[in-house]
Amino acid sequence: MTVMTDPNIPDPDGFYAELLGAHDGLSDDESAALNARLILILANHIGDRAVLTAALAAASKGDAR
């Protein structure tokens, strides 16, 4: 299973700024918890176990962009 790692969202810089903004004012623990919740929400949305496994492998290898 191949995971798309090339940019595929409209206005990626805007999304990145929004993501950073969601962490404004949070402690390190709160920020980690936000990231964990976001990962689980997005994983649930994807729903395909093979895609999720491939994404974990890509992120572990540093292939995620």
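The values are calculated or read from the model by the stated rules, or taken from the named source; none is laboratory data. In this text the structure is predicted, and so the values were computed from the model without any measurement. Heads up, the Cβs are rebuilt from the backbone with ideal geometry, glycines too, and the neighbour counts pull from every protein chain shown.
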Across segment 1-22, the tally of residues that are surrounded by 10 or more Cβ atoms within 10 Å (Cβ to Cβ) and more than 28 Å from R49 (Cα to Cα) stands at 2
So, first residue surrounded by 10 or more Cβ atoms within 10 Å (Cβ to Cβ) and small (G, A, S) in segment 48-62, second residue modelled with pLDDT of 95 or more and assigned to a helix (DSSP H, G or I), Cβ within less than 9 Å, six or more apart or across chains; the pairs are A55/A43; A55/I46
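A quick yes/no check of all residues on (1) within 12 Å of the chain's Cα centre (by Cα); (2) of a type in the set (G, A, S); (3) at pLDDT 95 or above:
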{"position": "S27", "(1), (2), (3)": "no, yes, yes"}
{"position": "N35", "(1), (2), (3)": "yes, no, yes"}
{"position": "I41", "(1), (2), (3)": "yes, no, yes"}
{"position": "I46", "(1), (2), (3)": "yes, no, yes"}
{"position": "K61", "(1), (2), (3)": "no, no, no"}
By residue number, the members of segment 7-44 that are under 23 Å from L56 (Cβ atoms), outside any helix (DSSP H, G or I), without any contact (Cβ under 8 Å) to a residue 40 or more places away in the chain and not polar (S, T, N, Q) are I9, H23
